[in-house]
Each structure stands twice: as C-alpha cells, then as structure tokens.
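Everything on this sheet refers to the single structure shown next.
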Amino acid sequence: MSFKTVERKPLSFAERTYVPQILGGLKTTFKKMVKPNETLEYPEARPTIPPGYRGVPTLVKDPNGREKCVSCQLCEFVCPPKAIRIKPGEIPADDPTAHVEKAPQEFDIDMLRCIYCGLCQEVCPEEAIWLQNVFSLSGYTREEMVNNKAKLYELGGTLPDDHYKWDKKKAAEEAGNGGH
Amino acid sequence: MIELYLSLPIWVQASLKGLIAIGLIIPIAGACSLAERKISAWIQGRPGPNRARAWGLGYIPILGPILQRLGVFHLMADGAKFVFKEDVVPGHVNKFYYYLAPLVALVPSLCTIVVVPFGAYFDAATETLKPLILADVDVGILAVFAIGSLSVYSLILAGWASNSKYPFLGGVRASAQLISYELSMTLSVIPVFLWVNAPGPEATLSLFAVVESQSQPGFWGGMWFVFLMPLCAFVFLVSLFAETNRQPFDMPESEADLVGGFHTEYGEFKWSIFFVAEYAHMTIGSGVFVLLFLGGWNPLPWVPLEPLIAGLPVWLGGLIGASVFLGKTFFFIFLFMWVRWTLPRFRYDQVMKLGWQKLLPIAIANVIFYALAIALIERA
C-alpha cells in the first residue's frame, strides 16, 4: 500500500469554539506587526548582489588600462538573440600594445535583445566581457538601449587579471622563444 | 461665545451640534481607511503607503517626512480621486434606487450618533456628570438598533438596483446575514439592561445610564460589564463583526466569489459613500460596545471619571472624558482590522450555521441565566 490512513482525532470543545485558535492567530499577526518590515524600499535601499550574478554585460580593462577585447567575435557568433555587433579594427603600430594586433573599433550590445544568458562571458577567450551586477537599465528610445563601446567600458571598469597573457607573450617574444 | 450659542434658536443649536458630530465621524472613517491599509501592510511585513507627498505640507522639515511615512497624503489623494472621478452609471441599472442605495447606507450610520454619548463633562451647577450627547433620549440602545439595522436596506437596494448577478447575490447574502445576527445581538444586551434597571427608579434604555451604573462605588458598582457578563460581551462582539460585514463575516462583498459583492457596479463617489458608511457603522458599533461593556469614559475598571474631573474646567474635563472614550473605541477599530488580517473568511453556510445554531441558542440561554440570577440577587 502506498498510502497510510491518518487517524483524525475529533476536535476538542475548545477547538470547536474557534476561540483558542483565533487568539493564537491574533498573537502571530501581532508579532508580525511589531516586527521590522521585510520590504526593501527599492530605489533608496538596494539589494546586495551575490557573487556570480548575471547582470548587464560589460567590457573590462586589465589593471594596466589595456582593453582586453581582441575582437575575435566569438561572443557575437555565440550570442543566441544576436544582441552583439562588433566591428573589428587594427591596433596602430605605435601603440605599446601593438603586438595584440586587434581591438574592436565598434562594439554594440543591444540591451533590448540581450537575454542575460552569459554565453558571451563563457565563450570569451580573453576574459574581456563580463556580466556584472548592474540589473536595472532604462531608456526612452530604442537607440538609448544599445550600449556602445564607450558605455560598455564605463559600465565594466577594470577587473583584476590573473594571467597578463599578452605581457607574458611579449616578454617571451623579446627573449627569443615566442611565436606560433 | 457660549452666550451667543445659547441665544440661537434651538434648531440651529441642534443642527450645529449634528454638523460637528458628522464633521468628526467622516474624518474618522477616512482615517480608518488609511489605518486599514497601514495595519494590513505592517501585519504582512510591508511599510504600506508612504510615497505620496503633497506640495506645501509635505516639505515642512521633520513633520512632512513623518506624514509621508504615515501615508497621510495617500489618504488625501484617495479622497480627491473619489470626488473628481467621472461619474459612470452602468446602462442596465435602475437609476433611482441605484442612487438611493448609498444614501440609505450613509444616513442610518450617521443618525445613530444622535443617541450615542461620546464623552461626559462635570456640570458644576447640578454637581452631576452630564453626557456629551446630541440627544439624551430614554430609548437609547433601541434607537441604535432600530436605525442601525436600516442599513441592511442599502445593501439590498444596491444589490437589486445594480441589476446584475454578483451584486444581487451579495445583497441577498447581506440581508440574510444581518437579520440572523441582529437577533443574537439584541438578545445579548438584554442582561445589561436588566442589571442597570434595578427596581425602583424609572426604567431607561439610555446608554448614559449604562455607563453610570458602571461607575458606582464599591466592588460590584465599579465593575465593567465585560467582567460581570463576559458571555454577553462575547456574543455582542461576534454579532458586531457580522453586523458590520467585517472579516471573517464579510459575506456581502467576499471578493473571491462575488467580485465586489453588492457594490460591484458602483464606482467613484457613490462607492466611497458605501465605504465611509461601513467605517462609520464600525466606529459607532465599537463605541456602543465600549459604552455597554467597557465602562464608556471611565479610564479604568473601578476608577470612575467623575471624581477625576470634578475640579477641572468644564472643557478640559469633557475633553478627558471624550478622549478616554475615543481611545477605547479606536482600540476596537484596531481590533476589527487586526482580526480582518488574521482570519480567513467563513463559508456562507458556516456563517448561517454559526449564527442560528450556535450564537442564537447561547444568547437565549444567556438571557435566561442572567434573568434568573438578577432576579435572585435582587430578591435577596
């Protein structure tokens, strides 16, 4: 048998008058009433964002101020709603990071299309695109809802870098053992 | 000032007093609607309405933010909204009765104030306590019941004149419920008046006399009737919840099964009149309960008001008496709201069963018991 018959006790006289139960309920609600509110009064008080939160996608720079994106366009290709548009560009030869070769000329994320899935962050080989903790954005026009490159860097700021991949590559090249 | 007032014709005096009482009860009813929202919010762990801020008053330092947190401007906004909204009348209603129903709701609620004393002052000339009342008539409680129960007509009229399904069901439920609970309510106050009207002096049903008999010296004299007759107080309170259509008895407008009940087809100002009438009814019901069972304006059991205010100026004594009475009344209004946000609604058959099979026999047994007890005590 997959079920069990629960024996129901007949209600006692006190229970049948409802009164003790009602008083118990009143006690509970009174306790709730004098307790501080649960509500967060939103625009003034903000929730704490847990680590790993997937907010608005942003572009980040490394601690040396180099833009990490190399415009490989993997995020553009992986993006399920096709929210990302990248126009790749060359890094000028006189730039200290010229050995990186490429950087985006234009980088637009259409926030009306973005579904905050985080695939762009996952696919990025340079750890350049991050879904950070901005969760609320609004605008009056469709154009305003497209984050361009300047806006993306402004939102992203700088994140710590564990690898300094391109610096190591340059150092190795200068030491004579670089190259593919 | 007082001379000018006393020199006016009697009907002008009476209308002035009446206007003051109405001017008091309507803001109380309005404040109740705000209190309801705030208390429900606090019980549910929310801050409640606190965003609206009016120009002028809202920008006064300290006071403005406090008023804003309390949601006072929401109350003003609600009131203004009701007054200025477009007056929509559905095409299928019976116009005459449709307009009549809110009036029939409001008028009896306001009329009952006439016989309910809301305080007392010490009259130095006669050295006695006089009630603050519009008309100290002997019928007292009888008038409250007679006029107060007229408000059921408004629910029936509203339900019927709306000419639509849910209001009609709401009206039918309201009439059945109010009539069933009125019986127990009336029976539950009989022992109080049996006790008040000791043989000898002229009999009275005045509410002032009830409070007077709770402010006598001695252990039995100063005892509030809630201690002397707890069962009467209980039956009266339960019937009061049913009579004022409050949770858990709000059958007439149980929004889950009847949309809005009898006022489904009503909007804007007419709806707000129903609302004010409901709160006015509740305020007066609480007031009557306080007078009958909780010693009216006596601050504590066995502590009558009279010696406390005997030496004070008339206006101060009157103010103290009225504040004590209103304080107790407000506690009961709070109780109504507290219960509303605690209990779920009864099913309609449970309401009827409770009224006819439980409360009414209890009330009848109660009357018989107290009648015998009082007869034995007074014979001894």
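The values are calculated or read from the model by the stated rules, or taken from the named source; none is laboratory data. What you are looking at is a predicted structure, and each value in this text was computed from that prediction instead of being measured. Heads up, the Cβs are rebuilt from the backbone with ideal geometry, glycines too, and the neighbour counts pull from every protein chain shown.
For the reader, a short list of remarks on this structure follows.
- The residue list B:M337, B:M282 contains one member that is within 14 Å of chain A (Cβ to nearest Cβ), under 24 Å from B:S188 (Cα atoms) and crowded, with 17+ Cβ neighbours inside 10 Å, which is B:M337.
- Residues of region A:1-40 satisfying the condition of being acidic (D, E) and either touching a residue at least 12 places away in the same chain (Cβ under 8 Å) or surrounded by 12 or more Cβ atoms within 10 Å (Cβ to Cβ) (or both): A:E15
- Where a residue in region B:168-182 is surrounded by fewer than 19 Cβ atoms within 10 Å (Cβ to Cβ) and its partner, wherever it lies, is modelled with pLDDT under 85, with Cβ under 6 Å and at least six apart: B:S175/B:V152; B:E182/B:S149
- As a summary of the residue check, B:I43 satisfies the conditions (1) within 14 Å of another protein chain (Cβ to nearest Cβ); (2) β-branched (V, I, T); (3) more than 30 Å from the chain's Cα centre (by Cα) except for the one numbered (3).
- Residues of region B:57-75 that are surrounded by 15 or more Cβ atoms within 10 Å (Cβ to Cβ) and either assigned to a loop (DSSP other than H, G, I, E, B) or facing another protein chain (nearest Cβ under 10 Å) (or both): B:G71 alone.
- Residue list for region B:151-193, restricted to those being over 30 Å from B:Q214 (Cα atoms) and either outside any helix (DSSP H, G or I) or among the charged types (D, E, K, R) (or both): B:S162, B:N163, B:S164, B:K165, B:R173
Rundown of residues vs (1) more than 30 Å from B:W315 (Cα to Cα); (2) at pLDDT below 80; (3) touching a His at 6+ places or on another chain (Cβ under 9 Å), yes/no style:
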| position | (1), (2), (3) |
| --- | --- |
| B:S7 | no, yes, no |
| B:I20 | no, no, no |
| B:A31 | no, no, no |
| B:S40 | yes, no, no |
| B:P49 | yes, no, yes |
| B:R53 | yes, no, no |
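Residues checked against (1) without any contact (Cβ under 8 Å) to a residue 24 or more places away in the chain; (2) part of a helix (DSSP H, G or I); (3) closer than 26 Å to B:Q247 by Cα; (4) not aromatic (F, W, Y):
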{"residue": "B:G23", "(1), (2), (3), (4)": "yes, yes, no, yes"}
{"residue": "B:W42", "(1), (2), (3), (4)": "yes, yes, yes, no"}
{"residue": "B:R51", "(1), (2), (3), (4)": "yes, no, no, yes"}
{"residue": "B:W55", "(1), (2), (3), (4)": "yes, no, no, no"}
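- Unmet requirement for A:C69, which otherwise passes all of (1) away from chain B (no Cβ under 14 Å); (2) crowded, with 16+ Cβ neighbours inside 10 Å; (3) touching a helix residue (DSSP H, G or I) at 6+ places or on another chain (Cβ under 7 Å): (3)
- A:A103 being more than 30 Å from A:C117 (Cβ to Cβ), more than 14 Å from chain B (Cβ to nearest Cβ), more than 21 Å from the chain's Cα centre (by Cα) and surrounded by 11 or more Cβ atoms within 10 Å (Cβ to Cβ): no
- When restricted to residues that are surrounded by fewer than 11 Cβ atoms within 10 Å (Cβ to Cβ) and either of a type in the set (V, I, T) or within 14 Å of chain B (Cβ to nearest Cβ) (or both), region A:42-57 contains 5.
- Filtered residue count, region B:334-358, keeping only those that are within 22 Å of B:G170 (Cβ to Cβ) and part of a helix (DSSP H, G or I): 13
- Residue selected from region A:135-180 under the condition touching a helix residue (DSSP H, G or I) at 6+ places or on another chain (Cβ under 6 Å) and surrounded by 15 or more Cβ atoms within 10 Å (Cβ to Cβ), by the criterion nearest to A:T58 (Cα to Cα): A:W166
- Residue pairs meeting the criteria (Cβ under 8 Å; at least 6 apart or on separate chains; first on the phi > 0 side of the Ramachandran plot, in region B:108-127; second assigned to a strand (DSSP E or B)): B:G119/B:P131
- Cβ-Cβ under 8 Å pairs, at least 6 apart or on other chains, region A:65-76 side farther than 11 Å from A:A128 by Cα, far side among the hydrophobic types (A, V, I, L, M, F, W, C) and part of a loop (DSSP other than H, G, I, E, B): A:L74/A:C124
- Flag if B:T342 is out of contact with any strand residue (DSSP E or B) (no Cβ under 8 Å at 6 or more places or on another chain) and either surrounded by fewer than 19 Cβ atoms within 10 Å (Cβ to Cβ) or farther than 29 Å from B:I113 by Cα (or both): yes
- Residue in region B:76-89 that is assigned to a helix (DSSP H, G or I), more than 14 Å from chain A (Cβ to nearest Cβ), exposed (fewer than 12 other Cβ atoms within 10 Å of the Cβ) and without any contact (Cβ under 8 Å) to a residue 24 or more places away in the chain present: yes
- Single match in B:F274, B:F289, B:F331 (criterion: part of a helix (DSSP H, G or I), in contact with a Pro (Cβ under 8 Å, 6 or more places away or on another chain) and assigned by TED's automatic domain parsing to the domain that holds B:T112): B:F274
- Per-region count, region A:19-38, residues within 12 Å of B:V339 (Cβ to Cβ) and more than 9 Å from chain B (Cβ to nearest Cβ): 1
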